[in-house]
Amino acid sequence: MEKYLVRKIRKDMKKEYWDSLILLNNHNIFKYSLALLEYDIFHFYFKGNYEYLLKAMACLSEFSTSNIVTNEVYERIQNIRVEIRKRLVNKKLKEQNKANYKLLKKILGQIEVFSLTCNEFIDRKYDGNKLELLYYLIFSIKNVKVLQNLIRKKPHMFNLMDKKAYELFKKIIKNYTDITKKHVADPKKYLDDLCYYDEVIEIIVSHEINHLSIGDLKNLVTYFEELLSLYNGKNQERYVYFIQKWEVRFLEEIQKKLNWNITQVDNRFLEDVCYEFFVEKNFSIPVENASKVCYLKYWHMPRSDQMTSIYTVDSEGALELDDGFSCQKTSDGYRLGIHIANPLVYIDFSGLIFKEATRRTSTLYFDSNTIPMYPEILSKNLFSLNAGCVRKVLSLYVNIDFAKQQIQNIEFKLEDVFVAGNDTYKNCDLCMQSQNGSNSYLDNLNNLSDIFPLLLQYFSMDKIYEYMNRTTFNLSNTNVVGNTKSEKMVESMMIFMNRYVAEFALKKGFPFLFRNHELKNIYKEDLERYKNLLQKEKNTQAYLNEIEILKGKYPKSYYDVVNRGHFGLGIPTYSHITSPIRRIADNYNQFMLMKWLSNDTSDQEWYKYELILKEVGEYINYQQKPLEAFSKKVRSKKYNI
């Protein structure tokens, strides 16, 4: 009976037909999937088609944290792991069938993740050989969160009193210094790797610091001094910084253990982290002066009766307001206006201010503070859509036939508008519920409420993408993190405009920075499994743990002059244009759109702009990891175990 079901499941998996699995209970799904994987791996041959085994592995992984995974099951899976490794060292397989070689590597990777998520798997496998696991996590998996959770749950896993553990720690430090040398030789590279080893050292030091004797700490200081003396190459000052910051850490700990009352040096934590990640809090005097000139030139723009009145809705405490809306009834429906701040109307594309904003790439948010992309006299004043002010904006007007639930036409407009009011998501929801507020604001708000369900049809947000964007920190504070009606209304407008502008650029063929989010087919079913699990585990610690595991699998969005679609939003073409005060990419896209609308750009100029966009996109993509690490470090101050 079991062989028959295994054969049937294999057949159904090949046909991508899963109905028969629904008839089985959880235990049997797991049992037969394991039997199938076990049989076919041990009878694996070069020319077979084994893609369906990824589905079998997905079935197993779904129950990795359940009681189904017994010691016997765990050992069977580890035997499969050993068998795969034997086959991977066979060069003949790699030469004769590259597809199957890659398939086995993927299955092996999923088995490793399965092992990391099994209940009490460490007790079964690694208590007798714990350093094997640590080597694997630190140098192969390279997932800081998994390492952090492991040491928190199993504090005995790493003990610097153990000679072998101490040698492992020295190897980590050696890797850190080797990466530091590469980084200081070429400051535009290796910063993300440097961030990783820095976090690993911090995790271990925070875990062990109270257990280390004064002698142990002195030995570590000596080891760092030896590493310091071996280098006299390029950018020595920066190399010295990365090495000596750990010497300072250990020397301060020695003083504490000796109970010496030494004069405390001023806390320069933020300044140190800024130096480490090439982040500058302050702007140069020339940039500040250029910003003052710009502000004084445009600070008073008179209002006229012909101007459109707009409103903004944003999070509480938001001071850089870069998007607003207006929504009026027409004879056959509504006219929606999405109005975006337009910095490049005020400043020069090739000037000092914009060059500095490009170097910074985005405004950084942490706690209640920000490190702005533009000087505050611009970002919080002239550029910001502040209530009672006239502002220059890029507007997208959408005419909607409400009866037919259709968009009739869409048009762009560069214009001056009057900002009639600023509101928060919380108060906006209260206004819609109580219908208390100014008549004009309520009319615009109620009209938008009528039509925003139509805007929701223009994207289909993947559940995992939604969960991750609502539970993780966003550098430029541009993600909508809640699920209230007002937040959904604003989000739907921004996504609609970003999509439409991207489609417009692609259709017209002018250079543009697309926001791509690709997902290889091989991961889609695996993510679908996680999606179902997340829906069950929402708002629990299990859910948060699964999110951390997912981060390693789920692709990052990136910028490119070539459009490749956005899987997370379910959109074939997407871009960023709605947050120009907080993201530099939006500025470049606004500028490209304005150049197209002006109809005065030659082919030679378009070619020049395309090269600029390509370079800028690559720069922004590279800066993402270091800036995320910077924000994480500033927000947490240390990686608590």
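The values are calculated or read from the model by the stated rules, or taken from the named source; none is laboratory data. The shown structure was predicted, so the numbers you read here are calculated from the model rather than taken from an experiment. In this analysis, Cβ positions are derived from the backbone assuming ideal geometry, glycine residues included, and neighbour counts consider all displayed protein chains. Ligands, DNA and RNA are stripped out before the accessible areas are found, and what is left, the full protein with its side chains, is counted by its heavy atoms. Shrake-Rupley method; radii C 1.70, N 1.55, O 1.52, S 1.80 Å.
Here are the numbers for this structure:
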item: Approximate spin-label separation Q306-V293, in nm, with each point projected 7 Å along Cα-to-Cβ; result: 3.1
item: Theoretical gain in end-to-end length, A387 to Q236 [0.36 nm per residue, Cα-Cα removed]; result: 49.3 nm
item: Label-point separation in nm, E51 to K154, each point 7 Å along Cα→Cβ; result: 3.7
item: Measure of compaction for segment 571-626 (Cα Rg per 2.2 N^0.38 Å); result: 1.23
item: Accessible area of W606 in the full protein assembly, 1.4 Å probe (Å², nearest 10); result: 40
item: Total formal charge among the other residues, if their Cβ is under 13 angstrom from that of D450, Lys/Arg +1 and Asp/Glu -1; result: +1
item: Segment 210-336 - accessible surface per residue (Å², probe 1.4 Å); result: 62
item: Peptides 511-519, 74-82 ordered by average Cβ neighbours within 10 Å, highest first; result: 511-519, 74-82
item: Centroid-to-centroid separation of segment 375-449 and segment 29-63 [C-alpha atoms, Å]; result: 54
item: Over segment 367-459, volume per residue of the alpha carbon convex hull, in Å³; result: 165
item: Hydrodynamic radius by Kirkwood, which averages 1/r over all alpha carbon pairs of segment 179-284, in angstrom; result: 15.3
item: Mean-position separation - Cα centroids, segment 584-630 and segment 299-323, in angstrom; result: 26
item: Distant alpha-carbon pairs in segment 227-325 (separation over 17 angstrom), percent; result: 77
item: Neighbour net charge for E247 - beta-carbon separation under 14 angstrom, K R +1, D E -1; result: -2
item: Stretch gain in nm, segment N79-N282, where the contour uses 0.36 nm per residue and the Cα spacing is subtracted; result: 67.3 nm
